[in-house]
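Asks: Before anything else, here's the structure in question.
The values are calculated or read from the model by the stated rules, or taken from the named source; none is laboratory data. Just so we're clear, the structure is a prediction, and the values are computed from it rather than from any experiment. Every residue, glycine among them, receives a Cβ derived from its backbone with ideal geometry; neighbour counts consider all protein chains shown. The protein model used for the area step is the full one, side chains on, heavy atoms only, and it has no ligands, DNA or RNA in it. Shrake-Rupley method; radii C 1.70, N 1.55, O 1.52, S 1.80 Å.
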Amino acid sequence: GAVKISKKFRKKETTLDILGGNDIIGEMAILSKENRVAKAQALTEVIALKLDKKTLDALDKSFDMLKETLWKTFVIHQFDTFLLKNMKYQNISSEQRVSWLNSGSFKTFEEGKEEIIPNESTHLYLVSGRLSLNGKEIAAPNLIENRKQIKISFLSESKGVYLNEQILNEEVSKKSTL
């Protein structure tokens, strides 16, 4: 079936996505231990499988693919919501934001590791964890612009995605020429 996912932004209900068969809903609450903030509304008849944290943890140990799919879904939803709050990216469609994220390089960083954001990456989207940038602590979720090869130190095990804004610009150009 079809499910509409929406959320209030500045007192206005905004549709985040329309999901269909084989899509995942509610992963953010389980993976991040945060309260649910989006509303799911069935648009057609829906058959759903409900998993609680305990069952998911048991499955997670057996199925690496499930874990990867849940994390990727979590990151897509978190990134989309994060960018919707940023005025600079509000005119970009959900499809373009997801395409930009999917073109990125997903990484896990060890606590204490220092790294320089690669030249080809214009941003680091910090999905989980904390890092230090010029002595300032930054917590996830956050989007860090790479103005000049900046050095970052990870204060906890963290997950992130290196992004290239050129990919986003190409997506926006493609859409405007159609």
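Asks: Got at least one residue in the range 81-88 being of a type in the set (K, R), closer than 25 Å to E27 by Cβ, out of contact with any Gly (no Cβ under 9 Å at 6 or more places or on another chain) and modelled with pLDDT of 85 or more?
Replies: no
Asks: Would you say L56 is surrounded by 15 or more Cβ atoms within 10 Å (Cβ to Cβ) and assigned to a helix (DSSP H, G or I)?
Replies: Yes.
Asks: Only one of (1) open to solvent by 20 Å² or more (accessible area, probe 1.4 Å); (2) modelled with pLDDT of 85 or more; (3) among the β-branched types (V, I, T) fails for I167. Which number is that?
Replies: It is condition (2) that I167 fails.
Asks: Could you list, ordered by first residue, the pairs with Cβ atoms under 6 Å in which the first is in the range 109-137 and modelled with pLDDT under 95 and the second is in a loop (DSSP other than H, G, I, E, B) and surrounded by fewer than 11 Cβ atoms within 10 Å (Cβ to Cβ), at least 6 apart or interchain?
Replies: From residues that are modelled with pLDDT under 95, the pairs are I116/Q149.
Asks: Report whether or not L101 is closer than 18 Å to L126 by Cα, open to solvent by less than 80 Å² (accessible area, probe 1.4 Å), modelled with pLDDT of 85 or more and among the hydrophobic types (A, V, I, L, M, F, W, C).
Replies: Yes; evaluated as a whole, the condition is true for this residue.
Asks: Next question, about the same structure. What are the residues in the range 38-53 that are surrounded by 13 or more Cβ atoms within 10 Å (Cβ to Cβ) and either farther than 17 Å from K12 by Cα or among the polar types (S, T, N, Q) (or both), if any?
Replies: Within the range 38-53, V46, L51 qualify.
Asks: Of all residues being open to solvent by 70 Å² or more (accessible area, probe 1.4 Å) and assigned to a helix (DSSP H, G or I) in the range 59-76, which is nearest to K7 (Cα to Cα)? Just the residue, please.
Replies: Restricting to residues being open to solvent by 70 Å² or more (accessible area, probe 1.4 Å) and assigned to a helix (DSSP H, G or I), the top hit is K72.
Asks: Here's another thing I want to ask about it. For the range 53-108, enumerate the residues that are within 18 Å of I144 (Cα to Cα), small (G, A, S) and without any contact (Cβ under 8 Å) to a residue 60 or more places away in the chain.
Replies: S105
Asks: Something else about it: What pairs can you find where one residue is in the range 146-161 and at pLDDT below 90, the other is assigned to a loop (DSSP other than H, G, I, E, B), and their Cβ atoms are less than 6 Å apart, with a gap of 6+ or different chains?
Replies: If the second residue must be assigned to a loop (DSSP other than H, G, I, E, B), the pairs left are N146/I117; N146/S121; N146/T122; I150/I117.
Table: residues versus (1) farther than 15 Å from K159 by Cβ; (2) hydroxyl-bearing (S, T, Y); (3) at pLDDT below 80.
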residue	(1), (2), (3)
S32	no, yes, yes
N35	yes, no, yes
K39	yes, no, no
T44	yes, yes, no
I47	yes, no, no
K53	yes, no, yes
L56	yes, no, yes
D60	yes, no, yes
F63	yes, no, yes
